[in-house]
1. Spot the failing condition for Leu39; the list is (1) more than 22 Å from Thr109 (Cα to Cα); (2) modelled with pLDDT of 95 or more, and only one is missed.
2. Tally up the residues in segment 61-86 that are under 14 Å from the mean Cα position of the chain (by Cα) and more than 14 Å from ligand 1 (Cβ to nearest atom), please.
3. How about segment 39-71: which of its residues are within 18 Å of Phe27 (Cβ to Cβ) and charged (D, E, K, R)?
4. How many residues are farther than 19 Å from Ile61 by Cα, in a loop (DSSP other than H, G, I, E, B) and within 16 Å of ligand 1 (Cβ to nearest atom) when one looks only at segment 90-107?
5. For residues that are part of a strand (DSSP E or B), hydrophobic (A, V, I, L, M, F, W, C) and open to solvent by less than 30 Å² (accessible area, probe 1.4 Å), tally how many sit in segment 37-87.
Amino acid sequence: MDCLFCKIIRGEIPSRKVYEDKDSVAFLDINPANPGHTLVMPKKHAENIFDADDEMLGRVIVAAKAISKKIKDSLNADGINVIQNNGRHAGQIVNHIHFHIIPRFANDTVIISYPKIKMEDKDFEEIQKKLTESERKVQKNWEMDLM
Ligand code: 5GP
Ligand code: ZN
């Protein structure tokens, strides 16, 4: 498969690996936001959060937790950002699901920001309605699958 991270996982492209278990692998980001910026991912290819198998994703996030702790302790980080992008418009460049673990330091130069938009109460209500409606639809479809 022509996937950069699959090639790294297969060892066809070198990487600086910092963690590996049966299902997950983590290596240093080649273009880090801070020293210790690590990418954690499943070994089995999945494109994004929609595509990923639930159990596999669960194991990867548990690995991400352990790696976050290791990074925080060993690099003396003051905080950690865990970031996961899905889709080109959300900043995903490599289409193999991965979590960025970014150590943060009190006076670092990393900027993770988004604008704060203005929403009226009725806008919140409408969004909440849309989200809960679709949830009910999903639940209904799921129940129908079981019948
Ligand atoms: P995304 O934007 O898809 O969430 O993040 C992709 C990340 O992969 C980027 O932070 C980028 O620096 C990193 N990256 C891209 N190519 C390579 C590579 O060949 N090796 C490593 N270790 N990281 C890479
Ligand atoms: Zn892949």
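1. (1)
2. 7
3. Lys43, Lys44, Arg59, Lys65, Lys69, Lys70
4. 2
5. Total satisfying the criteria: 3.
Results for (1) aromatic (Phe, Trp, Tyr); (2) within 12 Å of ligand 1 (Cβ to nearest atom), shown as yes or no for each residue.
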{"position": "Asp2", "(1), (2)": "no, no"}
{"position": "Cys6", "(1), (2)": "no, yes"}
{"position": "Gly11", "(1), (2)": "no, no"}
{"position": "Tyr19", "(1), (2)": "yes, no"}
{"position": "Lys22", "(1), (2)": "no, no"}
{"position": "Val25", "(1), (2)": "no, yes"}
{"position": "Pro32", "(1), (2)": "no, yes"}
{"position": "Pro35", "(1), (2)": "no, no"}
{"position": "Lys43", "(1), (2)": "no, no"}
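The values are calculated or read from the model by the stated rules, or taken from the named source; none is laboratory data. Just so it is clear, the structure is predicted and the values come from calculations on it, not from any experiment. Neighbour counts run over all protein chains shown; Cβ positions are idealised from the backbone, glycine included. Please note that ligands, DNA and RNA were not included when accessible areas were found on the heavy atoms of the full protein model with its side chains. Shrake-Rupley method; radii C 1.70, N 1.55, O 1.52, S 1.80 Å.
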